[in-house]
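J.: Take a look at this one; I'll ask things after.
Values quoted throughout were computed directly from the atomic coordinates according to the rules given, and no laboratory measurement underlies them. Small disclaimer: the values here were computed from a predicted structure and weren't measured. Here the Cβ positions follow ideal geometry from the backbone for every residue, glycine too, while neighbour counts run over all protein chains shown.
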Amino acid sequence: MINNGSNNKLETYSHLMRRAGVGCSIDELNEISQIPYEKFVDQILSPENPDSFDEDNFDRYFSHEGIDIWSGRWLYRIINGGYPLREKISIFWHQIFATAWFKSEHPNSLINQLEMFREVGLSDLKTILTSLSKDPAMLFWLDNNDNIDGEPNENYGRELMELFSMGVNNYTENDVKNAALAFTGWTFTQPIPLYPTGHYASNFKYEEFRHNQDSKNFLGHTGNFNGEDVIDIIVHQPATANFICRHIYNFFVEDEPQVPAWNIVAPKNPEAIKDLTDSYHKSNGNIKEILRTLFNSEWFKKSKFKHLKSPAELVAHTLKTSGNLREIKPGILDYVSAITNMGQHLLNPPTVEGWHTGKEWIDGGTLNERVNFAVSEMNDPNKPGIKEIINQIKTSKDEITNENLIDLCIKLVGQSNITSKTKNDLLEYSKKIEGKSLKKHLDRTVIKLIQVIVSTKEYQFS
Amino acid sequence: MKTSKPYALLRSGFPYKKSLGMRRLTNHPTSVGIYNSKIYILCRSEGAATIRILTYDDEDLGTIGKYGSDSEEHLLWPNTIKFDKYGNLFISDEGKHKIIILSETGKFIKSWGIKGDKEGQFNRPSGICFTSNGNLIVSDTLNHRIQEYTPDGNFVRQFGKNGTNKGHFNMPWGVATDSKDNIYVSDWKTNRIQKFSYSNDYLFSIGKKGTNNGYFNQPTYLEVDPHDDLYVSDTFNNRVQQFNENGMYLDKFTGNSSLSKSGIDYLLSNAYPMRLREMTSLEEQKLLRKPRGLTFDNDLNLFICDYWSYRVQIYEKQTIPLKESDISPPIRSSSLLVT
């Protein structure tokens with residue numbers, strides 16, 4: 001039943017579900033909106049049943065190698081699992097600590113990295129950076145397997161600070177050299193190569209005989225540092241708090257400029273960044289606590305539809321609405337291909353900088369892909385989510401007119417940012433669909449209206 | 001395979017014999033059948049399915065079967081392949097909810113089945129096997145039941161329903177019949193194997209979730225050899241377990257593979273992976289990884305689809321048949337007596 005209660009309240013819960021996951025149905029929205037907001041935020045951060053998705057059932061049908069199957073698993077998990085935020089945070093860290101398949105072509109390591117992000121991604125930054133620094137996919141991606149005493153490779157030491165924690169202008173070349181020395185000897189076990197019997201796992205390996213044992217100067221500290229010491233110093237830097245919190249704001253609240261501009265362009269909401277960094281320092285960089293601050297803030301509640309959906313978010317949100325991925329069935333790779341065609345090949349970002357986000361997701365080609373995907377996904381009244389929307393409308397107490405049918409469709413698709421101009425266009429369109437036989441052809445009319453709603457500019461935003 | 005069942009066996013060994021296939025040639029081998037001394041290996045992953053034909057010497061004879069969903073003969077989510085005695089290849093397809101029959105050369109013969117829960121309908125049909133009169137037993141997974149059909153696709157009977165009690169199923173997968181047409185069913189979700197007489201009488205159950213001998217973690221494919229020993233692909237425990245006809249645990253196969261001929265040929269022409277192999281332990285490479293389909297040839301060779309390692313491992317069952325006079329009569333209790 002459609003709840004005619006406070007639209008503003010429902011929209012705030014709906015907003016939270018979009019940002020901490022990929023949205024929810026109107027029935028779920030009615031249910032969760034009965035829970036006090038802060039208590040619901042607690043539930044999102046620490047759900048009672050986080051592992052409700054049947055992984056065995058997925059493995060029964062999709063147990064084979066390849067990064068795209070993992071992306072399919074991600075879709076199933078975020079749509080059907082009990083802990084959407086855990087899936088969201090794995091992609092958040094993947095975007096920042098971007099590691100790509102094209103260099104190693106070793107899916108096991110990449111998939112293990114994403115599983116590591118799921119496992120520790122909501123813990124504290126020190127744990128996250130330590131896990132990252134011991135991750136075989138990352139060690140190979142940034143050449144730390146070649147970082148040995150006497151022949152240091154500075155790639156990982158540099159990117160750890162520039163792209164993964166502090167941002168440029170917050171450290172010196174000398175800090176880079178010393179960070180690199182601290183990570184000498186951090187490598188991974190040699191896996192059995194791919195042919196003829198497939199991939200095997202690789203694990204972190206510390207080779208003490210290749211580690212530089214000299215005293216090092218790093219960010220004003222002196223000592224015989226190893227990698228863990230360097231990470232400990234990094235996570236206590238104010239620059240790190242600012243950098244990570246801006247990333248969090250960019251991902252969960254509002255699109256910021258691209259990262260390379262951050263040292264010259266101020267954050268869109270400096271007060272919000274301060275709230276987040278205060279939380280960072282108070283919690284020792286605990287991501288879950290930072291997100292608690294974020295989701296409960298007033299500026300978050302006012303940030304509805306200020307984030308342009310990434311391809312993965314757009315596909316997952318659309319499938320959540322259509323209900324077409326509630327059961328395991330053939331075709332999952334078609335959805336992964338759709339994400340890729342929109343410019344985001346998960347586990348295979350273009351560079352170590354990851355993907356450029358916000359409006360840079362959109363160009364003539366990718367917009368076409370986004371609109372075509374969403375429209376084609378909403379094509380069938382028998383898809384469970386669409387069937388539910390139609391049933392909600394049929395059981396509505398309101399008289400069905402062209403105008404309130406549009407309002408109902410907008411509400412049920414959860415796209416309350418539809419502008420009055422778009423709404424007028426929808427009204428004109430609806431009159432052309434079935435004329436006076438609206439009730440007679442309700443299913444068809446609803447389908448067509450939903451298809452137009454998901455093709456609007458507004459639908460591109462979350 | 002027809003071999004008369006002796007009174008008893010001297011089980012002299014079950015050594016590893018050889019492996020067939022490699023990545024690219026036999027991608028994710030799921031089920032295996034043998035006809036006219038050719039080995040048919042069903043290879044399935046999302047977005048790909050075919051049946052690779054190899055000789056015993058690992059020579060590639062090409063493929064039959066095409067991936068897709070547009071035509072009757074296409075394979076979408078093929079699960080199991082079984083040859084009947086005439087050389088017709090029966091294929092269960094979980095994605096199309098059908099049984100598809102191809103000739104040994106890949107020519108489409110017929111198919112039947114649509115999605116549903118009525119007689120003659122399927123919801124993700126998986127394991128298949130034959131009864132002694134040539135009828136087909138089908139594990140109808142999401143309908144949690146077993147169905148029987150004539151070879152022409154006419155419905156004969158069904159049994160089972162969703163549940164965890166005796167005779168109930170929760171997403172059954174493998175099926176196999178023994179020399180008396182008793183039927184084994186691997187009940188995937190409940191991690192047990194149930195045995196039924198042909199007339200549906202529940203006989204016994206083996207296993208529960210675990211890693212000890214006789215326990216399972218997602219049992220999938222089943223096979224019964226001419227001596228009525230049962231083999232279970234204990235997939236997520238990465239092993240195949242062997243039981244006698246009374247359900248007593250006998251042995252397990254965890255993998256002891258050497259490189260296949262095709263694998264050796266590949267490595268001999270690729271210097272870089274050859275070097276990488278010198279930099280690591282190869283112990284793990286001999287092990288089974290997520291084994292699936294099983295079958296025997298006429299020489300008592302057990303073929304195991306080593307699903308995650310892109311090959312088929314072959315083991316040779318070595319036995320000496322015993323007459324009643326060769327072995328003492330059954331005794332009631334264990335004994336420490338030495339003779």
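J.: For A:K177, list the aspartates and glutamates whose Cα falls under 14 Å from its own Cα; do not include residues on the same chain fewer than 8 positions away.
T.: Those aspartates and glutamates meeting the cut-off are A:D149, A:E151, A:E154, A:E159, A:E162, A:D214.
J.: Please give, to one decimal in nm, the separation of the simple spin-label points placed at B:T164 and A:D363, each 7 Å out from Cα toward the Cβ.
T.: The answer from the label model is 5.5 nm.
J.: Which value in nm describes the separation of the simple spin-label points at A:E388 and B:T105, placed 7 Å from the Cα toward the beta carbon?
T.: In this crude label model, A:E388 to B:T105 measures out at 5.3 nm.
J.: Right, something else. What are the GluC sites (Glu not before Pro) within the stretch A:79-119 that DSSP puts in a loop, where the Cβ has at most 13 other Cβ atoms within 10 Å?
T.: For GluC sites (Glu not before Pro) across the stretch A:79-119 that sit outside H, G, I, E and B with at most 13 neighbouring Cβ atoms in 10 Å, the list reads A:E105.
J.: Any idea what the dipole of the stretch A:384-460 comes to, in debye rounded to 20, about its Cα centre with Lys/Arg Cβ at +1 and Asp/Glu Cβ at -1?
T.: Computed about the Cα centre, the dipole is about 200 debye.
J.: Counting only helical runs of four or more DSSP H residues, what would the 222 nm mean residue ellipticity of the protein assembly as shown come to if each run contributes -39,500 (n - 2.57) and the total is spread over all its residues?
T.: Mean residue ellipticity, 222 nm, calculated: -10000 deg cm²/dmol.
J.: Turning to a different aspect of this structure: What is the Cα centroid distance between the stretch A:63-138 and the stretch B:224-286, reported in whole angstrom?
T.: 30
J.: Oh, and also: FRET efficiency for A:A261 and B:K38, Cβ-Cβ distance as r, R0 = 60 Å, nearest 0.05?
T.: Details: r = 63 Å, r/R0 = 1.06.
Calculated transfer efficiency: 0.40.
J.: Right, something else. What order do you get for A:423-431, B:300-308 when each peptide is scored by the mean count of other beta carbon atoms within 10 Å, highest first?
T.: On the way: A:423-431: 15.3, B:300-308: 24.4.
Per-residue Cβ counts within 10 Å, averaged per peptide and sorted highest first, yield B:300-308, A:423-431.
J.: For the pair A:Y206/B:D299, report the inter-label distance in nm, with labels modelled 7 Å from Cα in the Cβ direction.
T.: Distance between the two pseudo-spin positions: 5.3 nm.
J.: With axes computed from alpha carbons, what is the tilt in degrees of helix A:332-341 against the longest principal axis of chain A, rounded to the nearest 10 within 0 to 90?
T.: Approximately 80 degrees, to the nearest 10.
J.: Which chymotrypsin sites (Phe, Trp or Tyr not before Pro) in the stretch B:60-143 pass both tests, a DSSP loop state and at most 13 other beta-carbon atoms within 10 Å?
T.: B:Y86
J.: A follow-up question, please. So what is the relative contact order for chain B, in percent, with contacts set as C-alpha pairs under 8 Å and at least six apart?
T.: RCO, chain B: 18 percent.
J.: Moving to a separate point now. In what order do A:S420, A:S279 fall by count of nearby beta-carbon atoms within 10 Å, going from fewest to most?
T.: Least to most surrounded, the residues fall as A:S420, A:S279.
J.: Share of antiparallel DSSP beta bridges in the protein assembly as shown, in percent to the nearest 5?
T.: Roughly 95 percent of the DSSP beta bridges within the protein assembly as shown come out antiparallel.
J.: From the residues A:I410, A:H356, A:L291, which one has its Cα farthest along the dipole of chain A in the positive direction, the dipole being from +1 and -1 charges on Cβ of Lys/Arg and Asp/Glu about the Cα centre?
T.: The residue sitting most towards the positive pole is A:I410.
J.: Fewest Cβ neighbours within 10 Å first, please rank B:V232, A:V265 accordingly.
T.: Working: B:V232 28, A:V265 11.
Ordered by Cβ neighbours within 10 Å, fewest first: A:V265, B:V232.
J.: In addition: In percent, what relative contact order does the stretch A:239-301 have, based on Cα pairs under 8 Å that are 6 or more apart in sequence?
T.: Value for the stretch A:239-301: 30 percent.
J.: Counting only GluC sites (Glu not before Pro) that are in a DSSP loop and have at most 15 other C-beta atoms within 10 Å, tell me the longest site-free stretch of chain B.
T.: Numbers: sites that count: B:E59, B:E72, B:E119, B:E278.
Formally, the longest exposed-site-free interval is B:120-277.
J.: With just the Cα atoms defining each centre, how far is the stretch B:36-105 from the stretch A:223-274? Give it in Å.
T.: Value for the Cα centre distance between the two parts: 54 Å.
J.: Follow-up question, since we're still on this one. In the stretch B:74-109, which trypsin sites (Lys or Arg not before Pro) fall in coil by DSSP and have 13 or fewer other Cβ atoms within 10 Å?
T.: Sites meeting the loop and neighbour criteria: B:K85, B:K107.
J.: In peptide A:59-71, what is the residue-averaged number of other protein chain Cβ atoms found within 10 Å of each Cβ?
T.: The per-residue average across the peptide is 5.
J.: Tell me, what is the percent relative contact order of chain A, built from C-alpha pairs under 8 Å that lie six or more residues apart?
T.: Here the relative contact order equals 18 percent.
J.: Could I ask something else about it? Rank these for me by crowding, A:T321, A:T456, A:T351, going from fewest to most other beta carbons within 10 Å.
T.: If I rank by nearby Cβ atoms, fewest first, I get A:T351, A:T456, A:T321.
J.: Now, a different point. Straight-line reach only, C-alpha to C-alpha below 18 angstrom: list the lysines that A:K440 could link to, leaving out same-chain residues fewer than 8 apart.
T.: A:K387, A:K394, A:K397, A:K431, A:K432, A:K448
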